[in-house]
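The values are calculated or read from the model by the stated rules, or taken from the named source; none is laboratory data. Note that the coordinates shown come from a computational prediction; the quantities given were computed from them, not determined experimentally. Here Cβ is always computed from backbone atoms with ideal geometry, including for glycine, and neighbour counts include all displayed protein chains.
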Amino acid sequence: MKNGVASLIVGFIFALGLGISGMTQPQKVIGFLDIFGNWDPSLMFVMAGAIIVHFVSFKLIRKRQSPLFSSEWHIPTKTEITPSLIIGSVLFGIGWGLAGLCPGPAVTSLASLETKSFVFVISMVLGMFLFKLVDRKINLKK
């Protein structure tokens, strides 16, 4: 129960930050990615702020023996760069550049009730489902 409440609170704070920073506005994101046109560097400050907060928080939190709502830390152990990682990163970047949305801001932007947000989220979910189907056949996650 407390994991769910903590997740809800963190998700709300994340969504609030996305909204305040403009990350739910595709034109803002596309303006940041348009480095040879009308470049908008403001999201660089959002990213820098997030990195600083995460860096400091991570250092402080990792001093604890265990997290608040779990008996152990769940830190990723894989370090190799695989073809599926590269392909997934490229596809994510292309989608982000074309739509101006990535998953977190896309889900948050559903609150705007704009058609574009719903089309993006539905397409994203269908893409995840398609990946699972393909992965079962040819094991992409090697």
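Each residue in region 9-36 was checked for being closer than 24 Å to residue 114 by Cβ, loosely packed, with under 12 Cβ neighbours inside 10 Å and without any contact (Cβ under 8 Å) to a residue 60 or more places away in the chain, and 4 of them qualify.
Of all residues in region 48-68, those satisfying the criterion of being outside any helix (DSSP H, G or I), free of Cβ contacts under 8 Å to residues at least 60 places away in the same chain and exposed (fewer than 10 other Cβ atoms within 10 Å of the Cβ) are 63, 64, 65, 66. You will find that of 91, 113, the residue that is surrounded by fewer than 13 Cβ atoms within 10 Å (Cβ to Cβ), of a type outside the set (Ser, Thr, Tyr), under 16 Å from residue 15 (Cβ atoms) and at pLDDT 85 or above is 113 and no other.
Here 90, 125, 119, 107 are screened, and the one residue that is over 16 Å from the mean Cα position of the chain (by Cα) and not in a loop (DSSP other than H, G, I, E, B) is 119.
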